[in-house]
Amino acid sequence: MGARTLHIKTFGCQMNVYDSARMADALAPLGFVSTECAEAADVVILNTCHIREKAAEKVYSELGRLRHLKARKKGRGGRMILGVAGCVAQAEGEEILRRAPYVDLVVGPQVYHRLPRMIVELERTQAPAIDVEFPPESKFDHLPGVGAAPGVGAFLTVQEGCDKFCSFCVVPYTRGAEYSRPVGDVRDEARRLVDAGARELTLLGQNVNNYHGAAPRTFSRSRPGAAEWGLGRLIAELASIEGLKRIRYTTSYPADMNAELIAAHRDVPKLMPFVHLPVQSGSDKVLAAMNRRHDAAGYRRIADAMRAARPDIAFSSDFIVGFPGESEADFEDTLCLVRDIGFLQAYSFKYSPRPGTPAAAMTDQVPEPVKIDRLSRLQALLGDQQMEFNRRCAGTTLGVLFDRRGRRPGQILGRSPYSQPVHAEAGEDRIGTVVEVRIVRAYANSLRGRLEPGESAGVIASPGAESRAEARP
Ligand code: 5AD
Ligand code: SF4
């Protein structure tokens, strides 16, 4: 029998991107190879997001589309196993099989290590399989090591789950309690990723700055006080991996930002000066109703402390507008905080009531037109700040880690220390290296640069090279 094919479509956050890769790794020993083409695949898995209603609804429209592919395949005598993984699987469980009875498999985020067994069983019995348990064992101890080659930038989950219970958020219900992977495991995985070609690691966790993983054995024996390491110490340790050029981490919780991590921004050159630090709102009244454990002044203090440690640090954030009870004055407090901090980039959302969360039952819901109006005002301000930041980069020289070919032949694409996409003319052999680039033009979402004179441009593709490359089997 030839290789069987697997197609995983990923929705939502970076952790899902990481999880999808690990699911593919877990299924590789069963002979599954990944394919971009859902229609051809023997197993199709949607790795889903439940954070807002729109995200969750997308899954059902995608399932509707796949239902036809599955039926067509069956008509030709073939078979497609259709699975739902991720946070919608966890939150809705059996309900998915009721709403979409053509689904074969529902698997929650904490049991991906059981996926191979589920598929084998499913093939044998043809009966739908469902597992949304929060098992006592950690999936990380049972998933195989990193398989497929990572890109220049790779994700590495170091922490998962959340105990914060912000009143709007489903994550504590879908991802479960906080768990930090042991330092030794993270270090081994980081080494494997770098050996396989990764040059930048983004450490992932829902509350990544609250990471407190078990110390490596040699350390805890000699230094009994250090049974657990925080994220700052973990980052300093990973920075010693040869070949690794850059480290990032996401997502952080403001109240968990600690002195050790802030000091790492001062002391570890590989740690990039760009931090995603969601604030959600600038109003203390709204922050309290959200059950956030910080106020606006606390957030400002953290940003100041981080800027004192690393003056060029830039921030990104998440905002929710139209949270129940948010008045115009509360919303203006958010605009005020945005003006004070100055964000390089940010994500902003209309509040979306999620079933089972406390905020969904609050009586003072904000009307939709008000949410729309506030979102557009906030996004206009954030957009201006982003453009202004990018404009200020023009004329400066930034280290760019190139990670892929550009859209045009002869062009490659990378990221600045602040994670801005930068394109420049250079050969593909410069991909995977950090190059000093003079920024010559700023756009809303990217920068254009020219290699500094001392930098080798490598072998630049000639026009037409892209189509030749595309034609390769
Ligand atoms: N409605 C709108 N946005 C939400 N987020 C989380 N839950 C909701 C919700 N119910 C946003 C928060 C969070 C980001 C990942 O998604 O801003 O930081
Ligand atoms: Fe959700 Fe709050 Fe936990 Fe972030 S900290 S995952 S917003 S509950």
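The values are calculated or read from the model by the stated rules, or taken from the named source; none is laboratory data. Note that the structure is a prediction, hence the values are computed from the model and not measured. Cβ coordinates were reconstructed from backbone atoms using ideal geometry, including for glycine residues, and neighbour counts include every protein chain displayed. Remember, those area values only see protein heavy atoms, side chains included, never the ligands or the DNA or RNA. Shrake-Rupley method; radii C 1.70, N 1.55, O 1.52, S 1.80 Å.
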Could you please give the count of residues in the range 263-293 that are open to solvent by 20 Å² or more (accessible area, probe 1.4 Å), part of a loop (DSSP other than H, G, I, E, B) and either of a type in the set (S, T, N, Q) or within 16 Å of ligand 1 (Cβ to nearest atom) (or both)?
3
Listing of strands (runs of 3 or more DSSP E) fully contained in the range 339-442 that carry 2 or more residues being buried (at least 16 other Cβ atoms within 10 Å of the Cβ) and within 16 Å of ligand 1 (Cβ to nearest atom)
345-350
Kindly indicate the residue of the range 166-213 that is touching a Ser or Thr at 6+ places or on another chain (Cβ under 9 Å) and open to solvent by 50 Å² or more (accessible area, probe 1.4 Å) and also nearest to ligand 2 (Cβ to nearest atom) among those meeting that condition.
Y173
Given (1) buried (at least 18 other Cβ atoms within 10 Å of the Cβ); (2) at pLDDT 95 or above, D163 misses just (1)
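If you go through the range 29-83, how many residues are assigned to a strand (DSSP E or B) and over 24 Å from Y112 (Cβ atoms)?
Counting residues in the range 29-83 that are assigned to a strand (DSSP E or B) and over 24 Å from Y112 (Cβ atoms) gives 0.
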Some residue of the range 242-252 being open to solvent by less than 10 Å² (accessible area, probe 1.4 Å), within 15 Å of ligand 1 (Cβ to nearest atom), among the hydroxyl-bearing types (S, T, Y) and in contact with a Lys or Arg (Cβ under 9 Å, 6 or more places away or on another chain):
no
Which of the residues that make up the range 95-113 are out of contact with any helix residue (DSSP H, G or I) (no Cβ under 8 Å at 6 or more places or on another chain) and either surrounded by fewer than 17 Cβ atoms within 10 Å (Cβ to Cβ) or among the basic types (K, R) (or both)?
E95, R98, P101
Strands (runs of 3 or more DSSP E) contained entirely in the range 153-261, each with at least 3 residues that are farther than 24 Å from Y112 by Cα and not assigned by TED's automatic domain parsing to the domain that holds Y18:
228-230, 246-250
Scanning the range 122-138 for residues that are among the charged types (D, E, K, R) and in contact with a strand residue (DSSP E or B) (Cβ under 6 Å, 6 or more places away or on another chain) gives D131
So P136, is it surrounded by 18 or more Cβ atoms within 10 Å (Cβ to Cβ), more than 16 Å from ligand 1 (Cβ to nearest atom) and either assigned by TED's automatic domain parsing to the domain that holds S240 or in a loop (DSSP other than H, G, I, E, B) (or both)
no
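Is it true that F323 is among the hydrophobic types (A, V, I, L, M, F, W, C), part of a loop (DSSP other than H, G, I, E, B) and within 16 Å of ligand 2 (Cβ to nearest atom)? Even if it seems obvious, please write down each step before you answer.
On the way: among the hydrophobic types (A, V, I, L, M, F, W, C): yes; part of a loop (DSSP other than H, G, I, E, B): yes; within 16 Å of ligand 2 (Cβ to nearest atom): yes.
For F323, the condition - among the hydrophobic types (A, V, I, L, M, F, W, C), part of a loop (DSSP other than H, G, I, E, B) and within 16 Å of ligand 2 (Cβ to nearest atom) - is met.
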For F331, state whether it is under 24 Å from the mean Cα position of the chain (by Cα), farther than 30 Å from G93 by Cβ, of a type outside the set (A, V, I, L, M) and assigned by TED's automatic domain parsing to the domain that holds C166.
no
